[in-house]
Amino acid sequence: MLSLTAVTMRILAETDEDLGRNFRQIATTILNRYIAPHRDDLVRLFGELRHKSSMIIVSELEGALTRPKAASDINQPGRSRYLSVFNSRKSPPQPLETIAERDQRIVSEWRKKSKQSDNRLTTRCFAALHRVATAIISKHGHLLGDNALLEDLALTLVCNDFGSEVIGQAILPFIQKAVACEGYRFLSRQEKPS
């Protein structure tokens with residue numbers, strides 16, 4: 001679950017060649033001595049992130065994926081719904097929007113919400129919903145699946161993407177302590193190996 005690659009850094013032993021030979025030992029030392037003792041806290045942090053993400057996503061799916069409203073659902077002044085039951089010649093109500101129009105509206109709203117939120121978690125949840133919905137619509141022409149499936153797909157994206165950032169930030173102090181205590185050095189980022 002924990003990945004040292006989540007933190008953008010490289011640790012050097014003596015030379016780049018040593019780094020290659022000793023990387024597994026360095027990573028094992030950092031993991032076992034400095035990160036593993038905090039495993040329960042990290043698992044709790046990830047669990048909280050997952051729970052909060054799920055609450056945002058479930059709430060949004062419940063609100064967004066209702067059936068398209070029909071014209072008869074709108075209160076019409078001067079007409080009683082009770083009396084309309086006796087009007088058998090009336091054609092079935094027409095939706096105000098088609099399913100395709102609804103899907104496009106929802107996707108557009110999720111994209112807009114992902115850009116407008118000041119909360120990073122909320123932003124990521126809406127971005128994940130947008131990404132999942134866009135992919136499904138591109139493949140099938142409209143949103144498929146129930147809310148549970150859409151939630152699971154979006155939640156997986158949020159936890160993999162934003163979750164790795166949160167865990168990376170949480171373990172950074174442990175890695176910094178390992179560097180100080182073990183005598184490792186940070187290398188600047190390199191575009192190509194030297």
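The values are calculated or read from the model by the stated rules, or taken from the named source; none is laboratory data. What you see is a predicted model; the values in this text were computed from it and never measured. Cβ sites come from the backbone with ideal geometry, for glycine too, and all protein chains shown count toward neighbours.
Tabulated data
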read-out: Selected residue (criterion: nearest to R102 (Cα to Cα)) from residues of the stretch 117-145 that are in a helix (DSSP H, G or I) and among the small types (G, A, S); value: A133
read-out: Residues of the stretch 106-161 satisfying the condition of being touching a residue at least 60 places away in the same chain (Cβ under 8 Å) and of a type in the set (S, T, Y); value: T122
read-out: Residue selected from the stretch 146-176 under the condition charged (D, E, K, R) and assigned to a helix (DSSP H, G or I), by the criterion nearest to the chain's Cα centre (by Cα); value: D161
read-out: Checking T5 against (1) part of a helix (DSSP H, G or I); (2) surrounded by fewer than 15 Cβ atoms within 10 Å (Cβ to Cβ); (3) modelled with pLDDT of 65 or more; (4) under 28 Å from the mean Cα position of the chain (by Cα), the condition it does not meet; value: (3)
read-out: Leading residue by the ranking (farthest from the chain's Cα centre (by Cα)) among those in the stretch 37-62 that are over 15 Å from D152 (Cβ atoms) and surrounded by 14 or more Cβ atoms within 10 Å (Cβ to Cβ); value: H38
read-out: Residue in the stretch 62-75 that is in a helix (DSSP H, G or I) and at pLDDT 90 or above present; value: yes
read-out: Residue tally, condition surrounded by 13 or more Cβ atoms within 10 Å (Cβ to Cβ) and modelled with pLDDT under 95, over the stretch 115-130; value: 1
